[in-house]
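Before I ask anything, let me first share the structure, which is written out below as structure tokens.
Rule-based calculations on the coordinates, nothing more; no lab input. Source: prediction; values computed, not measured. Reconstructed Cβ throughout: ideal geometry from the backbone, glycine too, with neighbour counts over all protein chains shown.
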Amino acid sequence: MRRLAISFAALAAAAVAAPAALAQDPSGPPPNLIRGLATNLNTVVVQFTEPVDPNSVQTGDFILEMTEANRPVTGATVSPDGTKVTLTSTSAWDPGTAGQVHLIAPGVILDPSGTPNTSADWVTVGAAPGDFTAPVVTHFHLTKSKNLCWVYKLHGCPRPGAAWIYRVTEDGDAYVTVRRGRRLMGVRRYNGQPGSNYINFDGKINGRRLRPGTYTAQLGVQDVVGNRTPVAQQPKTKFKVKRVRR
């Protein structure tokens, strides 16, 4: 009889405990970040594991980095199905840029039933649309196109040297191709920047100074993702190296 009484008491306790245990279970999985994708040069769409409550989403909930630089989030718009949030930043990044994003802490985002996010880990942001536009180069010329010489104080060379001048639409390496008639003399590479560029020219191509004669130079710029000014669009300029006496 004692054993039977104990068994009935245990069953009664289990019946009371079961509803309490069910009440403590979460209503569903937490709404955690799983990935991001840059859709243009100042917008990222982040995706959650399940729909989120739009009222719980604030711009300050997100930390966004693109090319290892913090980008302030000034807008956060929830998609109609609640599974994605579009983040907008006032700081633009370059085409082809990737990055990462995370929530500032657990519990800042809720799903419609009130379940909070449990993770604040970084997730990857896929690269923004690729850069397929080549740099545009204009105003290419030498500061002195006639009577060029390279060695100071030689007879007839009072002002040696010259400088390449050009304008370009974006950052990149400048490649100056020099020819004498149809003969290729060589290519010289310089570092450039967007806008106006002024680069000293010491008369050397492939490590050797140009001899007296008339030359043609052609300029193309290659940006950081490999787009180079098409040959047909590369500006040309002519210059003449004078003969000097030692």
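Skipping prolines and chain starts, which residues have an amide H placed within reach, meaning under 5 Å, of the one on Lys144, given they are 5 or more residues away or on another chain?
Here the answer is Ala163, since their amide H atoms fall under 5 Å of that of Lys144.
Give the percent of DSSP beta bridges with both residues in the chain that are antiparallel, rounded to the nearest 5.
95 percent
To the nearest 10 degrees, how steeply does helix 2-24 sit against the main Cα axis of the chain, on a 0 to 90 scale?
Its long axis makes an angle of about 40 degrees.
Across the chain, what fraction of all alpha-carbon pairs, as a whole percent, falls in each successive 10 Å bin from zero upward?
7, 21, 16, 12, 12, 11, 8, 5, 3, 2, 2, 1, 0
Rounded to the nearest 20 Debye, what is the dipole magnitude of the chain about its Cα centre when Lys and Arg each give +1 and Asp and Glu each give -1 at the C-beta? Don't skip to the end; give the middle numbers.
On the way: 28 positive and 16 negative charges, 807 e Å.
So the magnitude is around 3880 debye.
Working from the pairwise distances between different alpha carbons, so that the mean of 1/r is found and then inverted, what is region 33-126's Kirkwood radius in Å?
For region 33-126, inverting the mean 1/r across all distinct Cα pairs yields 13.0 Å.
Plugging the Kirkwood radius over Cα pairs into Stokes-Einstein for region 103-246, at a temperature of 20 °C and a viscosity of 1.002 mPa s, what D comes out in µm²/s?
On the way: Rh = 18.4 Å.
Answer, rounded: 117 µm²/s.
Just going by the charge dipole of the chain, with Lys and Arg at +1 and Asp and Glu at -1 on Cβ, which of Gly195, Val44, Cys157 is farthest out on the positive end?
Among Gly195, Val44, Cys157, the one farthest towards the positive end of the dipole of the chain is Cys157.
Moving on to the next point. Give me the base-10 log of I(q)/I(0) for region 46-101 at each q in 0.23, 0.29, 0.31 Å⁻¹, Debye formula, one uniform scatterer per Cα, rounded to two decimals.
Values, matching the q order: -0.91, -1.19, -1.27.
Go ahead and estimate [θ] at 222 nm for the chain from helices alone: -39,500 (n - 2.57) per DSSP H run with n ≥ 4, summed, over the residue count, rounded to 500.
-3500 deg cm²/dmol
Then there is this: Calculate one ³J(HN,Hα) per residue across region 175-180 by plugging θ = phi - 60° into the Karplus curve 6.51 cos²θ - 1.76 cosθ + 1.60, and present them in order as whole Hz with x for glycine and proline.
Calculated HN-Hα couplings, in order: 10, 9, 9, 10, 10, 10 Hz.
From the backbone phi of region 239-244, what are the Karplus-calculated ³J(HN,Hα) couplings (6.51 cos²θ - 1.76 cosθ + 1.60, θ = phi - 60°) in whole Hz, Gly and Pro given as x?
Running phi through 6.51 cos²θ - 1.76 cosθ + 1.60 with θ = phi - 60° gives 8, 10, 9, 8, 8, 10 Hz.
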